[in-house]
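Working notes, structure below.
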Ligand code: DC
């Protein structure tokens, strides 16, 4: 007998809106000459980055971590002693850094001025300012243009961020919006921090997440919204493998072939 939570979850999971009618899957791979963009949007704590990476593996597509690009911009801002309100100088530096990925690495590593900076972009000071940096309109426009150029060079792509299906690739063949209850996202974040050896105040984390959701949804540039044609996947009660399996099946069913 399913309990109330399971029933509620099943109801949420069935709340889907998809671009194309679902068809029975006819194959296990996407033909190598077929361009396909899979866009995964959603807030932090839904596991979208690791899900996107694994999904890209399984589908034989490239994986684009757009959060790494904003993190790189935040690292550049800090390391060059710039301030978030000096948008033009920041964008000038980011342009001069010629941010790009080394696609031979797994996951692809991000480079600035031809040097890998993946070791820097997860530092605490970068994490502390990146949300603010990602709210700079001028920078977002630069990043959106860059992400579209990347997609022309890598036309078979799983891309994740919070604006990939809504703004950057509105015509993506498959769009998903990963979400989870704030309490679940706070608990996942707490686990990550504990694993990294930090003390955790889960109540404070939850308040931060709720506040971040509110400010993300309201911001003028790149607000977090669910594209109307993206499939909503509530990951609250799903394991990592269940999420990846679901997306994998859905992509194969959605992509014409
Ligand atoms: O996914 P992440 O934590 O690495 O993202 C870093 C920050 O960049 C986070 O504040 C969300 C923001 N971001 C964004 O605004 N747009 C994107 N396409 C990707 C990330």
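The values are calculated or read from the model by the stated rules, or taken from the named source; none is laboratory data. Keep in mind the model is a prediction, meaning the values are calculated, not measured. Backbone-built Cβ (ideal geometry, glycine too); neighbour counts: all protein chains shown.
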Identify all residues within the stretch 93-134 that are assigned to a loop (DSSP other than H, G, I, E, B), touching a helix residue (DSSP H, G or I) at 6+ places or on another chain (Cβ under 8 Å) and surrounded by 18 or more Cβ atoms within 10 Å (Cβ to Cβ); write none if there are none.
99, 107, 117, 118, 120, 121, 134
Any chance residue 195 is more than 14 Å from the ligand (Cβ to nearest atom), over 25 Å from residue 109 (Cβ atoms) and free of Cβ contacts under 8 Å to residues at least 60 places away in the same chain
no
Given the criterion in a helix (DSSP H, G or I) and surrounded by fewer than 17 Cβ atoms within 10 Å (Cβ to Cβ), identify the matching residue among 193, 247.
193
Look at the stretch 135-157 and say how many of its residues are assigned to a loop (DSSP other than H, G, I, E, B) and over 29 Å from residue 255 (Cα atoms).
2
Kindly indicate whether residue 184 is within 16 Å of the ligand (Cβ to nearest atom), surrounded by 13 or more Cβ atoms within 10 Å (Cβ to Cβ) and touching a residue at least 24 places away in the same chain (Cβ under 8 Å).
no
Taking the residues in the stretch 196-209 that are more than 23 Å from residue 39 (Cα to Cα) and under 22 Å from the mean Cα position of the chain (by Cα) as candidates, determine which candidate is modelled with the lowest pLDDT.
196
For residue 48, only one of the following conditions fails: (1) in contact (Cβ under 8 Å) with a residue 24 or more places away in the chain; (2) more than 9 Å from the ligand (Cβ to nearest atom). What is its number?
(2)
Looking at 132, 83, 148, 120, which one is within 14 Å of the ligand (Cβ to nearest atom) and without any contact (Cβ under 8 Å) to a residue 40 or more places away in the chain?
148
Does any residue in the stretch 63-76 that is farther than 19 Å from residue 154 by Cα and touching a residue at least 24 places away in the same chain (Cβ under 8 Å) come within less than 9 Å, Cβ to Cβ, of a residue that is assigned to a helix (DSSP H, G or I) and within 6 Å of the ligand (Cβ to nearest atom) six or more places away or on a different chain, and which pairs are these?
70/130; 70/131; 71/130; 73/130; 74/130; 74/131; 75/130
Can you find a residue that is surrounded by fewer than 20 Cβ atoms within 10 Å (Cβ to Cβ) and outside any loop (DSSP other than H, G, I, E, B) anywhere in the stretch 158-166?
no
Odd one out for residue 40 among (1) touching a helix residue (DSSP H, G or I) at 6+ places or on another chain (Cβ under 7 Å); (2) modelled with pLDDT of 95 or more; (3) under 17 Å from residue 163 (Cα atoms); (4) outside any strand (DSSP E or B)
(4)
Tell me whether the stretch 218-227 contains one or more residues that are in contact (Cβ under 8 Å) with a residue 60 or more places away in the chain and closer than 18 Å to residue 50 by Cβ.
no
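Take the residues in the stretch 151-168 that are under 30 Å from residue 90 (Cα atoms) and away from the ligand (no atom under 11 Å from the Cβ), then tell me which one is nearest to the chain's Cα centre (by Cα). Walk me through how you get there before you give the answer.
Filtering the stretch 151-168 for residues under 30 Å from residue 90 (Cα atoms) gives 151-155, 157-168.
Cutting the leftovers down to away from the ligand (no atom under 11 Å from the Cβ) gives us 151-155, 157-158.
Details: 151: 15, 152: 19, 153: 19, 154: 17, 155: 18, 157: 13, 158: 10 Å.
Looking at residues that are under 30 Å from residue 90 (Cα atoms) and away from the ligand (no atom under 11 Å from the Cβ), I get 158.
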